[in-house]
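The values are calculated or read from the model by the stated rules, or taken from the named source; none is laboratory data. Quick caveat, the model's predicted, so the values are computed rather than measured. Cβ atoms come from the backbone with ideal geometry, glycine included; neighbour counts cover every protein chain shown.
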Amino acid sequence: MVWLFGLPANSHAQKVNIMERNSIQEAEIKTAIEQYYFKGIFKGDPVLLKQVFHKDALIFGDIKGAPYFKTADQYIEGVENRVSPEKSGKPFKAEIISIDVINTIASVKLNVKMYDYNYYNFITFHKVNGQWLIINKTLTDADL
């Protein structure tokens, strides 16, 4: 094995492969967020949300200082039964702040402004049977 300055000769190729794989994974996660999560909460569409949430996902956090906990089913039911941001006519802005991927797990930071809330979400994804699914969501409503 050839060593140059303490690094194996093929380390650059390994880093390029990892970066390319992560770029593909990040694109898949971005699509899942935009097409299922953001659209699902905007439209109040449980079908879209069920496609991106693992059935056993949990949601924890605080809203206006009050503790918040729901299962995925409870959360999706709540989204379905409220007036959707789309129908409310109030501003809705959702953005991806960051995506970090390692193998089949990913951590995503989001900002969602809707109704009178400024939510920050930390969402954990896991790739299950070739599909990126939300397995955990934490949230807070921040006055930033």
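Here are some notes:
- Residue count for segment 90-134, restricted to those that are surrounded by fewer than 19 Cβ atoms within 10 Å (Cβ to Cβ) and either of a type in the set (Asp, Glu) or part of a strand (DSSP E or B) (or both): 25
- Filter pass, Lys87 being over 18 Å from Val128 (Cβ atoms), part of a helix (DSSP H, G or I) and more than 16 Å from the chain's Cα centre (by Cα): yes
- Some residue of segment 67-88 being closer than 21 Å to Ala27 by Cβ, aliphatic (A, V, I, L, M) and surrounded by fewer than 18 Cβ atoms within 10 Å (Cβ to Cβ): no
- Residues within segment 25-68 that are under 19 Å from Glu95 (Cα atoms) and assigned to a helix (DSSP H, G or I), tallied: 22
- Apart from one condition, Lys109 fits all of (1) touching a residue at least 24 places away in the same chain (Cβ under 8 Å); (2) within 13 Å of the chain's Cα centre (by Cα); (3) more than 18 Å from Gln51 (Cα to Cα); the exception is (1).
- Some residue of segment 90-109 being in contact with a Gly (Cβ under 9 Å, 6 or more places away or on another chain), modelled with pLDDT of 95 or more, of a type in the set (Val, Ile, Thr) and at negative phi: no
- Taken as a whole, segment 49-57 holds at least one residue that is at pLDDT 95 or above and in contact with a His (Cβ under 9 Å, 6 or more places away or on another chain).
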